[in-house]
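Peer 1: Let me give you the structure first, and then I'll get to my questions.
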Amino acid sequence: MAPEQLILSHFTLAPMHPIEERVRLAAANGFGVVWAPDGGAGDATFAQYFRAPDRGAFVRGYHYRIEATTDDAPFFFEYNRFTRLLSSREWVFGAASGQTLLVVTFLLALVGGALGLLLPPWLRRRRAGAVDGAAMAAGEAPTFLALGLGYIAVESVFVPKFTLFLGSPVHALSVVLFALLASSGVGSALSARLVGASRRRLALVAAAVAGLLVAEGIGLQRVFEAGLAWPFAARCGLAVALIALPGVLMGMPFPTSLALGAAGRDEAARGPWAAQAWVLNGYASVVGSVAAMIVAMAWGFTAVLAGAALCYALVAALAWRAARRR
């Protein structure tokens, strides 16, 4: 709607005047009327919206995203839908440009990463003859992929989520990365002592991470509202605590999984097997960073956090199944 256009309602332009007089008053001041309560003027889209029996259904079914922007999905300038990406008339430089760039980047990371990172080791093993002990056992590859996806998803969500609470993207980036990486490092250092070689403990830790992520996905907004008026230093302290709580536990599954996998292999096989684990984890982190933004734009940051919780729940399930088999 252009700035010189108006939507006349019962609360604009002297409501005690008849609608015809309000239309004339708008025209005398250089405004055009796109909708009026009597339906006598206006664009068809606005008329359809105001007359729709279910305006929520009208918004959901509209070609572009016209619903109000929220803190959970603050993408103010992305109004195209992923489901209609290829049908956009402005496919390259217009409404779909942001989504198109994300989808193309995701496909490049998915295919290019698979070819560049996963294919060479596989070909080398085929030519040289792989050591049997270096092959991934059932459940190991999904574990390292899920850990990479889950960790980068949490990182991708916490930075924008804490931006509003801390007041600046620079502050959020600094605090979130510091708190998450430092706490994960502490968790990694404590993993040998607290988790050890127990797959059951690994399952419990991963399940605890999933539970904490679900709880923070539900309660973060309420915590932010309660502490938004606090001094900056207090807000930083609360942010570090909220991030470090799951962060310590998030640092334990990866080194524990590496130790468990290496313990069951001879010395010659440990190096090649560990290299595969690192490659899978790094590949998932790269692909997951783009996938997290796609999911956030389509469904919101809470959905990304739920996906991260599912990744850690998968790690817990795989570890628990492996423990029962042993």
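Taken together, the values in this text are just the output of simple stated rules run on the coordinates, not laboratory data. Keep in mind that what you see is a predicted model, and the values were worked out from it rather than measured. FYI the Cβ positions are ideal-geometry reconstructions off the backbone, even for glycines, and counts take in every protein chain you see.
Peer 1: So what are the ³J(HN,Hα) numbers for the range 283-292, from phi and the Karplus equation (6.51, -1.76, 1.60; θ = phi - 60°), rounded to whole Hz, Gly and Pro as x?
Peer 2: Computed from phi, the couplings for the range 283-292 are 4, 5, 5, 5, 5, x, 5, 7, 4, 4 Hz.
Peer 1: Could you work out how much longer the chain between VAL104 and TRP278 gets when fully extended? Use 0.36 nm per residue separation minus the Cα distance between them, nm to one decimal.
Peer 2: 60.1 nm
Peer 1: If you take the beta carbon distance between LEU115 and GLU225 as r and set R0 to 56 Å, what does 1/(1 + (r/R0)^6) give as a FRET efficiency, to the nearest 0.05?
Peer 2: Plugging the Cβ-Cβ distance into 1/(1 + (r/R0)^6) gives 0.75.
Peer 1: What is the packing order of peptides 285-292, 191-198, taking the mean over residues of other C-beta atoms within 10 Å and listing the highest first?
Peer 2: Ranked from most to least packed, the peptides come out as 285-292, 191-198.
Peer 1: Of the listed peptides 143-154, 269-280, what is their order by residue-averaged count of other C-beta atoms within 10 Å, with the highest listed first?
Peer 2: Numbers: 143-154: 25.8, 269-280: 17.6.
Averaged packing, sorted descending, gives the order 143-154, 269-280.
Peer 1: Using 7 Å Cα-to-Cβ label points, what is the ALA197/ALA28 separation (nm, one decimal)?
Peer 2: Between ALA197 and ALA28, the label points sit 9.1 nm apart.
Peer 1: Does the range 155-232 classify as rounded, prolate or oblate by the C-alpha gyration tensor (a ≥ b ≥ c root eigenvalues; a/c under 1.5 gives rounded; else a/b over b/c gives prolate, otherwise oblate)? Each step should come with its number before you reach the end.
Peer 2: On the way: a/c = 3.04, a/b = 1.88, b/c = 1.62.
Prolate is the answer for the range 155-232, as a/c is 1.5 or above and a/b outweighs b/c.
Peer 1: Using label points projected 7 Å from each Cα along Cα→Cβ, tell me how many nm separate ALA208 and VAL186, to one decimal.
Peer 2: Between ALA208 and VAL186, the simple spin-label model gives 1.3 nm.
Peer 1: Using label points projected 7 Å from each Cα along Cα→Cβ, tell me how many nm separate LEU245 and ILE218, to one decimal.
Peer 2: Placing both labels 7 Å along Cα→Cβ, they lie 1.3 nm apart.
Peer 1: Fully extended, how many nm does the chain gain between GLU20 and TRP299 (0.36 nm per residue separation, minus their Cα-Cα distance)?
Peer 2: Numbers: separation 279, 0.36 × 279 = 100.44 nm, distance 4.28 nm.
Fully extending the segment from GLU20 to TRP299 adds 96.2 nm.
Peer 1: Taking 0.36 nm per residue of sequence separation and subtracting the Cα-Cα distance, how much length would be gained by fully extending the chain between ALA323 and LEU85, in nm to one decimal? Walk me through the intermediate numbers first.
Peer 2: Values: separation 238, 0.36 × 238 = 85.68 nm, distance 4.48 nm.
The ALA323-LEU85 span can extend by a further 81.2 nm.
Peer 1: Another one. Extent of the range 182-326 along each principal axis, from alpha carbon coordinates, in Å, largest to smallest?
Peer 2: Over the range 182-326, Cα extents along the principal axes are 57, 34, 26 Å.
Peer 1: Roughly how big is the range 236-326's charge dipole about its Cα centre, with Cβ charges of +1 (Lys, Arg) and -1 (Asp, Glu), in debye to the nearest 20?
Peer 2: 360 debye
Peer 1: Assigning unit charges at the beta carbon (Lys, Arg +1; Asp, Glu -1) and nothing else, what dipole magnitude in debye, to the nearest 20, does the range 101-228 show about its Cα centre? Could you put the intermediate results ahead of the total?
Peer 2: Details: 10 positive and 5 negative charges, 102 e Å.
Taking the Cα centre of the range 101-228 as origin, the dipole is about 480 debye.
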